[in-house]
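Since the structure comes first, as structure tokens, the remarks are kept for the end.
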Amino acid sequence: KCIANQTWQMFPFGAHTINASWVAVQELKKLGLGKDVDLHVYEVPVEYQAVQSLVPSLWKQYHPQLVVHVGVSGMATTVTLEKCGRNLGYKGLDNSRFCPHSQCCIEGGPDCIDSVIDMESVCKRVTASGLGVAVSVSKDAGRYLCDFTYYTSLYLSHGRSAFVHVPPIAKPYSGEDLGRALQAIIQEMLNMLDRAEEKIHCQHVH
């Protein structure tokens with residue numbers, strides 16, 4: 001069984017000359033997600049127009065079971081699982097000094113889209129595993145490129161996406177710590193999707 005999973009993150013921006021999300025994703029790439037999972041890693045520029053073209057093209061190219069986006073949050077002290085993406089309120093300029101005129105992600109789209117992943121359950125399971133990295137859940141991805149990317153992906157995938165915010169390197173975790181955390185989180189998300197699909201299959205059989 002082959003599962004395509006993509007982890008995308010943001011280029012350096014603002015005060016983040018070293019983007020902890022890219023460091024974490026590189027560590028994840030070293031670790032892998034097991035022999036049955038194809039992991040594809042891409043960088044996403046911190047630019048609205050790049051997101052609008054790149055994210056749909058990657059979905060079309062790979063048709064993955066799950067997409068996990070990873071970004072850095074200067075305010076975070078934990079690895080944070082985002083429950084939903086928001087469509088409105090994008091007023092901040094991106095790295096190319098651009099902002100959508102409509103200040104929205106998908107015109108006519110719903111205000112909020114939830115991930116099909118039960119983030120609370122993932123958080124509890126990963127925390128109980130004794131990972132040594134604090135994990136929390138959030139309902140607000142920040143109304144900037146992280147949120148914009150997440151909503152775009154949720155819209156395209158009918159909710160089969162996730163977003164993970166990581167804190168800056170050494171505040172308090174190393175890149176290796178963050179990579180291990182991503183591995184555990186994504187493996188749990190994939191297991192959750194597998195269990196849900198098995199349940200649906202059993203219901204159809206019976």
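The values are calculated or read from the model by the stated rules, or taken from the named source; none is laboratory data. Since the model is a prediction, treat every value here as computed from it, not as a measurement. Glycine also receives a Cβ, built like all others from the backbone with ideal geometry; neighbour counts cover every protein chain displayed. We work out accessible area using only protein heavy atoms, side chains counted, and drop any ligands, DNA or RNA first. Shrake-Rupley method; radii C 1.70, N 1.55, O 1.52, S 1.80 Å.
Okay, here's what the table says:
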item: Loop-located GluC sites (Glu not before Pro) in region 97-206 whose Cβ has at most 10 other Cβ within 10 Å (DSSP); result: Glu107
item: Selection from Cys146, Val44, Pro172, by position along the positive dipole direction of the chain (Cβ); result: Pro172
item: Amide H within-cut-off set for Ile117, under 5 Å, with H built and near neighbours excluded; result: Ser161
item: Within the accessible area of the chain (1.4 Å probe), percent carbon and sulfur; result: 53
item: Karplus 3J(HN,Hα) series, Hz, for region 143-156 with 6.51 cos²θ - 1.76 cosθ + 1.60 (x for Gly, Pro); result: 6, 10, 5, 4, 5, 4, 5, 4, 4, 4, 5, 4, 5, 5
item: Karplus (6.51, -1.76, 1.60) ³J(HN,Hα), θ = phi - 60°, over region 170-186, in Hz, Gly and Pro reported as x; result: 6, 10, x, 9, 7, x, 5, 4, 5, x, 5, 5, 4, 4, 5, 5, 5
item: J(HN,Hα) series, region 127-137, from Karplus relation 6.51 cos²θ - 1.76 cosθ + 1.60, nearest Hz, glycine and proline x; result: 4, 5, 6, x, 5, x, 10, 6, 10, 9, 10
item: Cleavage-rule hits, trypsin sites (Lys or Arg not before Pro), region 21-69, DSSP coil, Cβ neighbours within 10 Å at most 12; result: Lys35
item: Restraint check, Lys30/Lys139; Lys60/Lys124; Lys124/Lys171; Lys35/Lys171, Cα-Cα greater than 27 Å; result: Lys30/Lys139; Lys60/Lys124; Lys35/Lys171
item: Percentage relative contact order, the chain, counting C-alpha pairs under 8 Å, at least six apart; result: 30
item: For region 75-193, the fraction of alpha-carbon pairs in successive 5 Å shells from zero, as %; result: 2, 12, 21, 20, 19, 13, 9, 4, 1, 0
item: Volume in Å³ per residue [convex hull over Cα atoms, computed for the chain]; result: 120
item: Accessible area (Å², per residue) of the chain, counting only protein heavy atoms and a probe of 1.4 Å; result: 48
item: Shape of region 102-157, Cα gyration tensor, a/c cut at 1.5; result: prolate
